[in-house]
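Worksheet: one structure, shown below.
The values are calculated or read from the model by the stated rules, or taken from the named source; none is laboratory data. Note that this is a predicted model, so its numbers are computed, not measured. Cβ sites come from the backbone with ideal geometry, for glycine too, and all protein chains shown count toward neighbours. Only protein heavy atoms, including side chains, enter the accessible area calculation; ligands, DNA and RNA are left aside. Shrake-Rupley method; radii C 1.70, N 1.55, O 1.52, S 1.80 Å.
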Amino acid sequence: MNLTLKIWRQKNNADKGDFKEYKISDISKDMSFLEMLDVLNENLSEKGEDPVHFDHDCREGICGMCSLYIDGKPHGPQQTTTCQLHMRSFSDGDVITIEPWRAKPFPVMKDLVVDRSAFDRIIQAGGYVSVNTGGVPDANEIPIPKSIADLAMDAAQCIGCGACVAACKNASAMLFTSAKVSQLALLPQGQVERKIRAEKMVAQMDAEGFGACTNTGACEAECPKGISITNIARMNREYFSAVVSSDTL
Amino acid sequence: MILDSKIPEGPLADKWTKHKFNVKLVNPANKRKYDVIVVGTGLAGASAAASLAELGYNVKAFCFQDSPRRAHSIAAQGGINAAKNYQNDGDSVYRLFYDTIKGGDYRAREGNVYRLAEVSVNIIDQCVAQGVPFAREYGGLLANRSFGGAQVSRTFYAKGQTGQQLLLGAYSALSRQVANGKVKLYPRTEMMDVVMIDGKARGIVTRNLITGAIESHSAHAVLLCTGGYGNVFFLSTNAMGSNVTAAWRAHKKGAFFSNPSFTQIHPTCIPVSGDHQSKLTLMSESLRNDGRVWVPATVETAEKLRKGQITANDIKEEDRDYYLERKYPSFGNLVPRDVASRNAKYVCDEGRGVNETGEAVFLDFRDAIKRDGRNVIEAKYGNLFDMYMQITGDNPYEVPMMIYPAVHYTMGGLWVDYNLMTTIPGLYALGEANFSDHGANRLGASALMQGLADGYFVIPYTIGDYLASNSADRIPVDHPEFKKAEKEVSDRLQKLLSIKGEKTVDYFHKKLGKIMWDYCGMARTEEGLTKAKAMIKELKKEFWTNVNVLGSNEELNLSLEKANRVSDFLELGELMVDDALHRNESCGGHFREEYQTPEGEALRDDENFAYVAAWKYLGEGQEEELHKEPLVFENVKLTQRSYK
Ligand SMILES: Cc1cc2nc3c(=O)[nH]c(=O)nc-3n(C[C@H](O)[C@H](O)[C@H](O)COP(=O)(O)OP(=O)(O)OC[C@H]3O[C@@H](n4cnc5c(N)ncnc54)[C@H](O)[C@@H]3O)c2cc1C
Ligand code: SF4
Ligand code: FES
C-alpha cells in the first residue's frame with residue numbers, strides 16, 4: 001500500500017504546531033498502525049529528520065499508553081487501541097490525518113505526545129480502598145456474587161487511555177472516572193469509603209478542567225475497552241447520594 | 001568476595017519467621033527520617049513504594065512511562081499462583097515450593113523459594129482487600145485454574161487481564177500514598193546511574209524525558225524494580241520500553257549480575273509475520289489446557305501446507321503428529337515452557353513447520369470445541385481468540401491457531417541476598433530485575449507472585465534491618481559524587497549525540513537481537529556462542545562509531561532514549577554469551593546442545609554447576625570476573641526432571 005500521512009508536528013508545549021505531509025510506500029496489511037509509523041520514523045531517521053514522537057509501550061492494547069486521533073476518531077476507525085489497529089483497515093492511496101488527543105487538560109508535549117497526568121490525580125483523589133499492606137481478612141471471607149464481581153471487572157478494565165475525553169466535545173472525563181467509582185462501589189470492599197470517594201474524585205475531575213457530561217455517548221462509542229455508559233449513571237447516583245448525606249462532616 | 005546469601009539457619013519452614021524476628025527494626029517515629037528511592041512502578045515497585053510509605057518512610061517513585069499504571073506488569077494475562085489450597089486438591093506451601101524448585105531445574109535457593117510460597121497466600125488476601133476483581137464461582141468464592149503444567153489448581157485470575165488488575169491494585173495503593181504526601185512520583189523520568197558514597201548506594205541520577213534535564217536524587221536506600229531485559233533480543237513479548245539500563249548501570253557500579261543467560265522462551269506466541277515486526281504477542285499459556293499442539297507427521301505434508309496447496313483442516317488425523325502428547329504421555333500439552341518451546345523448534349527444524357516461514361506449529365481447539373461446545377471455549381478464551389483474530393486475521397474457532405516460541409522473561413538479574421540486597425550496600429533489586437527465585441526456568445503465574453511478594457511482604461521487613469544500622473543523615477545533591485555522576489551521564493549522552501554516523505539505532509538493535517536469538521536463544525553451542533561473542537564486540541564498536549542519534553538532549557528525544565538503552569543491551573549481550581558459554585551443562589531454559597540426554601532432554605551437571613553464577617564488572621573492555629554461590633539442597637532431592 002502507498003499512503004499519504006498528514007501528521008501534527010509540534011516541537012514542544014510552547015510551540016504552535018502544524019500539519020506536515022509525508023508519503024509512505026510498501027506498507028503491508030499485516031502491519032499494525034504503530035508499525036507503519038515505525039517505518040515512517042526509520043525513513044525519517046535515515047534522512048536525518050526528527051522522527052514523529054508518539055506514546056506507546058505494550059503494543060498489546062492494555063497499557064493505555066498509545067493514543068492518536070486518526071481521521072477524526074480516537075484510536076482510528078476500529079473500536080480498539082491504536083496499537084491493535086492494523087493496516088488492513090486502510091486502502092491503497094488513502095490520506096490519513098493523525099493528530100494528538102485534543103483536550104485542554106491533556107496538553108501536547110511534542111508532536112502526538114500529550115500529558116495525561118490529570119488522570120493520575122483523579123485516582124489519587126480517591127480511586128482506592130484505604131487498606132494498608134498486611135492485616136487484611138482471608139480472601140474468601142467475604143463471598144461476592146459472581147454477577148457483581150463480573151460487573152466490577154467490566155468497569156475495572158479501563159486502561160486510562162483518554163479516548164473518552166478526546167471523543168467528547170466537552171472533554172468530559174466522566175467515563176474514566178465512573179469506571180473506577182463503579183468498580184469500587186460494586187464491591188463490598190469499597191463500601192466504607194463509597195460516598196467520600198465519589199465526592200472527591202468528581203471534585204478533582206472538575207478541578208482539572210474536564211468538561212460536563214451531556215450524555216451524547218461519544219465516549220462509550222470510542223472506548224477501546226467497551227466501558228459502558230451505565231457506569232456514568234451509577235456514578236451520578238453515587239455522587240448525588242453522597243452530597244445529600246455526606247460522610248465528610 | 002564471598003557471596004553470603006544470608007539464608008537463615010534452621011528448618012526450612014521456620015526460616016522466614018525466625019528471620020523476621022531477628023532483623024533490626026526502625027522505630028515508628030524514626031521512619032520519617034529515612035528516604036527511599038524506588039525505581040520502577042510495576043508490581044514489584046508499586047507494591048514496595050506503597051508499603052514502605054504506609055510504614056512511614058519517605059518514598060520517591062520513578063518510571064519512564066507517562067503514568068505508573070502503565071508499567072509492563074500491566075500486560076500479564078494468565079494469572080498468579082498462591083498456595084491457598086481453596087480447591088482442596090492437595091496443594092500446600094510445600095508443594096508450591098517443590099514445584100517451583102523443580103520447575104527451575106534446581107538452580108534456585110531453597111530458602112528464597114520457600115518464603116515465596118509462604119507469603120503467596122497473603123498476596124491474594126491483600127489484593128482482594130484492595131478491590132481486585134478476581135474471577136469467582138457462582139457461590140461467590142474465588143475461582144482457580146491449573147496453569148503452566150501444575151497438577152493442582154492454584155492460579156487466581158481476572159479474565160485474561162490478571163497483571164492489569166493486580167497492577168491497578170498496587171497503583172491504587174501507591175496513589176493513596178501520593179495523596180498522603182508520603183510518595184512523590186516522577187513519571188517520564190529515566191534512571192541513568194546509581195550514586196555511591198562511602199561504598200553505599202546513596203541516590204540516583206535521572207533524565208527527565210520531556211526536558212532532558214539531568215537531575216540527582218539523594219536517599220538512604222535505592223530499590224531497583226525495573227523489570228527484565230528480554231528486549232536484548234529486539235523481538236520479545238516485553239513492552240517496547242523494557243530495558244536493562246538501571247540494572248546494568250548498577251552492575252557497572254559494583255552490583256554482581258547473576259545467571260544472565262537464563263532466559264525464558266515462551267512456547268505460545270504469535271509467529272513473526274515480517275521484517276516490520278516490532279514486538280511479539282503472547283497468547284496465554286492457559287490455552288494449552290484445551291488446545292492440542294501438532295504439526296504434520298511428514299515433511300511432504302508440511303510443504304504442501306506451506307505452499308497453500310492444502311489447509312490444516314484437510315489433514316487427516318493419522319497424518320498429524322501431536323508430538324507433545326506422543327513424547328510426554330503424562331503431561332502432554334502441559335509440559336513446562338522450556339520443554340514445549342524446544343520441541344516446537346525441533347519439529348520446525350525438521351521441516352515440519354506450518355506457516356510460510358516454516359517457524360510455526362498448530363494449537364488446535366477443534367476437539368475441545370467438539371467436547372465442550374463453542375460457548376464453553378468462548379467463555380474461557382473469548383478475549384484471547386479475539387486478539388488473535390485482530391492480529392492475524394484468522395478465526396481460531398474454525399482453523400487452528402499458529403504459534404511459535406518467543407523470548408518472554410529473564411530469570412537472570414542482579415544478584416541479591418535473602419534480604420533482596422545486591423552486592424552494593426543499600427541497593428536492592430526486586431521483581432524480575434533480580435535473579436532470585438526461578439532458577440533456570442520460571443513456572444507460569446509465578447512472576448506476578450514474586451513481584452508482589454518482594455514488594456508487599458519481603459522488603460518492608462528487610463529494609464529496616466539495613467536502615468536501622470545506618471545513620472539518618474541526609475546527603476545534599478551538591479555533594480561531589482552526585483556532581484561527578486551527573487557529568488558522566490551528560491558526557492555519555494553527548495557522546496551518543498556527537499557520533500552522527502550513518503545507521504539508525506534500530507539497525508543495531510535488530511542486529512544484536514538476531515545474534516542473540518540465533519546463538520544464545522533456545523539452543524546454544526560452544527561454537528555458536530564463541531562466534532556470537534566476536535560478532536557482538538564488532539557490533540558494539542560499529543555502534544560507537546557509526547550510529548546516528550538525532551536531535552539534542554534538551555527535548556523529548558526518542559532516538560536518544562533508545563540509543564542509550566541499546567548501548568547497554570550491547571554490553572549485556574556479551575555477558576549473556578559469556579555466561580551461556582561457561583555453563584557446560586543444560587538446565588531449564590539454558591540448553592547447550594552438547595549436554596543432552598539420549599532423548600534430547602536437558603542434562604544437568606549437578607556436581608560442577610549447582611551454583612549461582614555472579615559476574616563482577618571490572619572495567620571497560622575487560623572480561624568480567626565469575627563468582628560462584630554454591631546452591632545447597634537440604635530438603636529436596638535433585639532428580640532429572642521428567643514429564644513423561
Ligand atoms: C505478555 C506477558 C504476559 C505475562 N503473563 C504473566 C502471567 O500470566 N503470570 C505471571 O506470573 N507473569 C507473567 N508475565 C511476567 C510478568 O508480567 C513480569 O515478570 C512482571 O510483571 C515484572 O514485574 P516488575 O515489577 O518486576 O517489572 P515491570 O512491570 O517490568 O516494571 C518495570 C518498571 O521499571 C521502570 N523502569 C525500568 N527501567 C527504568 C529506568 N531506567 N528508569 C526509570 N524507570 C525504569 C518502568 O517504567 C516500570 O515502571 C508476563 C509477561 C509478559 C511479557
Ligand atoms: S473509559 Fe475507555 S476510553 Fe476512557 S480512559 Fe478508560 S479505556 Fe480509555
Ligand atoms: S501501546 Fe499499550 S495500549 Fe497501545
**Message:** Between helix A:194-207 and chain A, what is the angle of the helix's C-alpha long axis to the longest principal axis, kept within 0 to 90° and rounded to the nearest 10?
**Reply:** 40
**Request:** Report, for the range A:3-110, the % of DSSP beta bridges that are antiparallel, rounded to 5.
**Result:** 75
**Prompt:** Averaged per residue, what accessible surface does the range A:116-245 expose to a 1.4 Å probe, in Å²?
**Reply:** 37
**Prompt:** Carbon and sulfur together cover what percent of the accessible area of the range A:3-110 at a 1.4 Å probe radius?
**Reply:** 46
**Request:** Please identify every one of the trypsin sites (Lys or Arg not before Pro) in the range B:341-399 that sits in a loop by DSSP and has no more than 15 other beta carbons within 10 Å of its own beta carbon.
**Result:** none
**Message:** Distance between the C-alpha centers of the range B:200-226 and the range A:143-219? Whole Å please.
**Reply:** 34
**Request:** Keeping all protein chains in place, calculate the accessible area per residue for chain B (probe 1.4 angstrom), answer in Å².
**Result:** 33
**Prompt:** If the cut-off is 16 Å between C-alpha atoms, which aspartates and glutamates fall inside it for B:LYS495, apart from same-chain ones fewer than 8 positions away?
**Reply:** B:GLU486, B:GLU542, B:GLU554, B:GLU561, B:ASP568, B:GLU620
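If N is the number of residues in the protein assembly as shown, what value comes out of its Cα radius of gyration divided by 2.2 N^0.38 Å?
That ratio works out to 0.89.
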**Request:** May I ask which of B:LYS252/B:LYS562; A:LYS23/A:LYS104; A:LYS20/B:LYS500; B:LYS6/B:LYS628 have a Cα-Cα span longer than 21 Å here?
**Result:** A:LYS23/A:LYS104; A:LYS20/B:LYS500
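Other chains' Cβ within 10 Å of A:141-148 residues: what's the mean?
5
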**Request:** Over 21 Å between C-alpha atoms is what I'm after, so list which of A:LYS29/B:LYS380; A:LYS169/B:LYS159; B:LYS33/B:LYS184; B:LYS184/B:LYS279 land there.
**Result:** A:LYS29/B:LYS380; A:LYS169/B:LYS159; B:LYS184/B:LYS279
**Request:** Indicate the residues belonging to the range B:352-395 that lose 40 Å² or more of solvent-accessible heavy-atom surface (probe 1.4 Å) upon moving from the chain alone to the assembly of all protein chains, ignoring ligands and nucleic acids.
**Result:** B:GLN390, B:ILE391
**Request:** Using only the Cα atoms of the range A:40-159, construct the convex hull and provide its projected area averaged over every direction, in square nanometres to one decimal.
**Result:** 11.7
**Message:** Can you give me the solvent accessible area of B:HIS217 with a 1.4 Å probe, rounded to the nearest 10 Å²?
**Reply:** 10
**Fill in**
the range B:149-193 and the range B:601-622 have their Cα centres apart by a whole-number Å value of 32
**Request:** Would you kindly derive the ³J(HN,Hα) couplings of the range B:544-552 from the backbone phi angles with the Karplus curve 6.51 cos²θ - 1.76 cosθ + 1.60 (θ = phi - 60°), listing them in order in whole Hz, with x for Gly and Pro?
**Result:** 6, 10, 9, 7, 10, 9, 7, x, 10
**Asked** Over the alpha carbons of the range B:16-137, what is the largest minus smallest coordinate on each principal axis, giving the biggest first in Å?
**Response** 46, 38, 31
**Request:** Amide H neighbours of B:LEU631 under 5 Å, at least 5 residues apart or on other chains, H built in the peptide plane: list them.
**Result:** B:TYR611, B:VAL612
**Message:** Restricting to bridges with both residues inside chain B, how much of the DSSP beta-bridge set is antiparallel, in percent to the nearest 5?
**Reply:** 70
**Request:** Using the Karplus curve 6.51 cos²θ - 1.76 cosθ + 1.60 with θ = phi - 60°, work out ³J(HN,Hα) for each residue of the range B:606-623 in order, rounded to whole Hz, and write x for Gly and Pro.
**Result:** 5, 5, 9, 10, 7, 8, 8, 7, 10, 9, 10, 6, 10, x, 3, x, 9, 5
**Distance histogram in 10 Å bins (all Cα pairs of the range B:255-305, percent per bin)** = 17, 28, 38, 13, 4, 1
**Message:** Students often get this wrong, so check it: of B:LYS24/B:LYS483; B:LYS540/B:LYS616; A:LYS6/A:LYS180; B:LYS15/B:LYS616; A:LYS6/B:LYS514; B:LYS327/B:LYS533, which have C-alpha atoms separated by over 24 Å?
**Reply:** B:LYS24/B:LYS483; A:LYS6/A:LYS180; B:LYS15/B:LYS616; A:LYS6/B:LYS514; B:LYS327/B:LYS533
**Prompt:** Could you sort B:LYS514, B:LYS102 by accessible area so the largest value comes first, with the probe set to 1.4 Å?
**Reply:** B:LYS514, B:LYS102
**Request:** Evaluate the relative contact order of the range A:3-110 (contact order divided by residue number), counting alpha-carbon pairs under 8 angstrom at least 6 apart; express in whole percent.
**Result:** 34
**Item:** Residues of the range B:260-287 buried by at least 30 Å² on assembly (accessible area, 1.4 Å probe, chain alone as reference)
**Value:** B:HIS276, B:SER278, B:LYS279
**Message:** For the interface of chains B and A, what total accessible area is buried with a 1.4 Å probe, rounded to the nearest 100 Å²?
**Reply:** 6000
**Prompt:** Using the alpha-carbon atoms, what tilt in degrees (0 to 90, nearest 10) does helix B:162-179 show relative to the longest principal axis of chain B?
**Reply:** 20
**Fill in**
To the nearest 0.05, the calculated FRET efficiency linking B:LYS495 and A:ASN2 through their beta-carbon distance, R0 being 35 Å, is 0.35
**Message:** Helix A:33-46 against the longest principal axis of chain A: what's the angle in degrees, Cα atoms only, rounded to the nearest 10?
**Reply:** 50
**Request:** Only loop residues by DSSP count here, and only those with at most 11 other Cβ atoms within 10 Å; note down the chymotrypsin sites (Phe, Trp or Tyr not before Pro) in the range B:136-210 that meet that.
**Result:** B:TYR138
**Complete:** Hull surface over four for the Cα convex hull of the range A:1-110, reported in nm², is 6.9
**Message:** Could you work out [θ]222 nm for chain A from helices alone, using -39500 (n - 2.57) per DSSP H run of at least four and dividing by all its residues? Round to the nearest 500 deg cm²/dmol.
**Reply:** -10000 deg cm²/dmol
**Message:** Within 10 Å of each candidate Cβ there may be at most 13 other Cβ atoms; applying that plus a DSSP loop requirement, which GluC sites (Glu not before Pro) in the range B:550-644 survive?
**Reply:** B:GLU554, B:GLU593, B:GLU594, B:GLU599, B:GLU620, B:GLU623, B:GLU634
**Asked** Across peptide A:61-69, what mean number of C-beta atoms from other chains lies inside 10 Å of a residue's C-beta?
**Response** 6
**Rg to Rh quotient for chain A, alpha carbon positions, Kirkwood Rh** = 1.04
**Request:** Return the calculated 222 nm mean residue ellipticity for chain B, to the nearest 500 deg cm²/dmol, obtained by summing -39500 (n - 2.57) across DSSP H runs with n ≥ 4 and dividing by the residue count.
**Result:** -11500 deg cm²/dmol
**Complete:** Counting only DSSP beta bridges with both partners in the protein assembly as shown, the antiparallel fraction in percent, to the nearest 5, comes to 70
**Kirkwood hydrodynamic radius of the range B:267-406, Cα pairs, Å** = 15.1
**Asked** What is the mean number of Cβ atoms from other protein chains located within 10 Å of the Cβ atom of each residue in peptide B:72-84, rounded to a whole number?
**Response** 2
**Message:** Just to verify a number: what accessible area does A:HIS56 come out at with the full protein assembly present, 1.4 Å probe, Å² rounded to tens?
**Reply:** 40
**Built amide H within the under 5 Å cut-off of B:VAL23, gap 5+** = none
**Built amide H within the under 5 Å cut-off of A:ARG9, gap 5+** = A:ASP18, A:PHE19, A:LYS20
**Residue-by-residue Karplus 3J(HN,Hα) for the range B:451-460, coefficients 6.51, -1.76, 1.60, Hz, glycine and proline x** = x, 6, 4, 4, x, 7, 10, 9, 4, x
